[in-house]
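What follows is one structure encoded as structure tokens, with my remarks underneath.
What follows is calculated from the coordinates using simple rules that are stated; it is not laboratory data. The model shown is predicted, which means the values in this text are computed figures rather than measured ones. Note that each Cβ is placed from the backbone with ideal geometry, even for glycine, and that neighbours are counted across all protein chains shown.
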Amino acid sequence: MPHVGRICRLALPAMVILALALPLAPSLAQDGDDPGPVTIQGTAARDMDSLMTALIDGYNATDAGAGVEVIADLTGQDNGISALCSGEADIVVTTEPMSASQTRVCNNQGTDFIETLIGYEALVILAPTEYQQSCLSDEQVYSVWSGDARDDVTWMDLNQMTPTESAELELEPLEFYGPFDFTRAYRLFVALDPSQATTLRTEYFTGFETPAEIVEVLQAEGANGLGFMSLADYETLEISAELPPVRVGYMGDTGIVDCVEPSLGSIGNGTYPLVEPIYLYVNANSVAVDGDVRSFLAYVLNDAEGGRVILADNDYTIPPDTLYAYSWNNILNNNVGRTLTRPRTPVAISTAEFGMVEMVGTPLLDELLTASVVSDFSTRYINASINGEWYGNAAGWEEFCAGAAAGDGAEDDAADAGDVPEDPAAQVFEVGPPVIIQTTAVPDDLCEGFDVAVVDLGYEALVFAVPAGNDWIGIGEDDCLRVDQVNSLFRAQSDLGDGITNWNQADDSWPDLELLLVAPPRSTGDLDFMIVHLLEDLTFPIRIDMVEDDDPFYRLQGVANTGKELIVENENEDEDAPPPPPPLYNGLTLLRWTELQQYEGDLDGIRLLAVENPATGECAAPELERFQSGEYVLSYPVRYYFNQDEFENNPMLRAFYWHFYDQTTIDYLKENLPLAGWDEEAYTAEADEVYDLLASYEADPDAELDEDELPAAGEEAGDEDAESSEGDAEAESEDDDNDTPADEGETTESEDDADTADDADDDDAESDDADDADDADDADTGDDDPADDTTGDDEAVDDEAVDDEPVDDEAVDDETSSDDPPDDD
């Protein structure tokens, strides 16, 4: 959970893994008297009625569902939501998230709802393989496919895609290929098109009966066009290597954002645009009192042979198991509200906003993580200035605490850092005191008088590795690499910088073998950290004749190789040839814990050494428990302290704080920086609490609405309702300004009716226009995958540990700006 000074937030959501493990009985048994049938309402668009029927039939075929009456009466999305709010419907199926106005109507009627996700429909855009496919924006896709698109579209009009073979084709009109207009994929494309055209283009368009025929025409020699099909059909063909999909991204304020291929990952995190999710909104009271409702939802969300199989059989794309688990967890734990479709960021500022954030602290974390986070943040917030001065932990804490104590924020120069001047481009911000410290050591007397928010990412450490067959160093329980031995191994013995050459020169008990010392470059700061914290000598003369390499895997493999027998070629197969020399086991290297975790070689061939703690004389092995206790002297916490008192005045600071919990940062930590003690599931759950904290600083634009603003359950939405909805749309347009991109361009019921004109059940088209207006600005952001919560421990470090760290001039500048390149580690 987020660590907030003087504030203890104790909301602990149940863990998803627990939800998966819980038995269904007896909690899903029928409660008391027969409450009547389970009622499902909502949209019937694009065969949603058929899907509900299949789910009901599948459930009734199980032991739990036998004899349970489940009725699907799909009369339209707005009618369904209204029935949910009034308590007349147990479950509502929708292809849009509930709007802010709908949420308020439920709140005004005292009805809590639970949001779940059961599937997706997604489209894939395809192009001939001889075209270099860079990226298309969602706007470009719709502009060329829409029913009101210009007849003759060329590659030149799609300036992100250039033919690599025939330049003359740039000026030839493109052909367009896809399934026939009665198919679900075609009707989905029409529904996603924000122009509200009732068909796709007709000129230069050819329809096909099967997806395979579309692929065949695109792979033909001289093909000059674009095609589309459903993601489910594309995956069934298994042709991603032969005909990869065109990457598509949302058009944002400053260009295309997150250009991605369609995949479970890009769909789940909301970065792929051509998607329509399928939600089940559930009356929370029905879940609490009606065992049949819970039993049906268990079949849909938590039965491996249930809902996901039915959806796959009906050609829908299935969400990852984590999202099914999260939805089921919502049911089990009564997690009400828009838990899945909330905005991607809780900070409502433009990506073109001007703002400044000042940081101080240790240079170790800049190279380890900060530079990468700042670089990614700056690509999103192009006018943000994140400045850093890395003078070490002690100096950083002194400046951080002094800056916070200088004022309460309202009169501070830094408080104006997030303000937008009349001419932002001409503004020169006055640098204020630091509002963030990145630190590897926390003083016992943490500066007082203000609140801090802490990002605790676990621990990094330096570890010594030798070949597994090395039998002379650190073998016994009480044996380890001693401080005096490290001193001898790394000390320059001459004015030329040379060190010892053999193991026994560092310790008489060690063998007289050549020493192969493989180290990281001195410019990385790792050796400086070892010198300060293990040898405790700022003037230590480091040897310069080591084998230095910045590739930790090369260093580790080189050391492991000294434990292997040499292969000597015997071309003549001479029986009297001498045997190959035995392995020497004479290598030693130093690397980071996170680098070791990413090593894909044989870890059985190496052994990590325990290290003496110079303060206690005790040996400590490199393991998480010793990192947390501080016994392993070469470990350090990775933490960022934010001056929370500045959150209200500096929205850019809030945005940067949230960026540590953004999915891009979570992915970076998972893939590139597996810190000891960092847990993705717990951190993602912690992000939920951080989200709520930051959202509390945003102004609430909601106004009270009358509960009759939406049509009553079962009532037709006539012209009068439509006019009222259109009048509300403008006022509501800001309610969901930061909704997820997965929801952008979501179909409205007016589009649904065009798709299912022959379906008399879907008759409330006009009133849904208002909901479309509610989410009209949804293009900027996306969902983060939710998870559950555990808490981390704050570690205190003695004052003695808060030292300035030596800074290599080549490695660390005095000041780092947001333009710094990302760290490759």
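Values computed for the structure shown
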item: Lys, Arg +1 and Asp, Glu -1 on Cβ, resulting dipole of region 122-268 about Cα centre, debye, nearest 20; result: 480
item: Residues Thr501 and Trp472, FRET efficiency given R0 of 25 Å [Cβ-Cβ distance, rounded to 0.05]; result: 0.90
item: Largest to smallest principal axis extent of the C-alpha atoms in region 238-351, angstrom; result: 49, 42, 17
item: Gained length - Glu305 relative to Tyr554, 0.36 nm times residue gap less alpha-carbon distance; result: 85.0 nm
item: Order of Asp290, Asp507 under a 10 Å beta carbon neighbour criterion, fewest first; result: Asp507, Asp290
item: Estimated FRET transfer efficiency (Arg150, Ser494; beta-carbon r; R0 56 Å; 0.05); result: 0.10
item: Segment Val217-Ser629, length gained on full extension (0.36 nm per residue, minus Cα span); result: 141.9 nm
item: For region 216-304, radius of gyration divided by Kirkwood radius, i.e. Rg to Rh on alpha-carbons; result: 1.16
item: Fewest-first ranking of Val38, Val483, Val442, using other Cβ atoms within 10 Å as the exposure measure; result: Val483, Val442, Val38
item: Within region 219-243: backbone nitrogen closer than 17 Å to the Glu172 label point (7 Å, Cα to C-beta); result: 219-227
item: Per residue convex hull volume, Cα atoms of region 122-268, in Å³; result: 111
item: Order of Thr362, Thr351 - criterion: other Cβ atoms within 10 Å of each residue's Cβ, fewest first; result: Thr351, Thr362
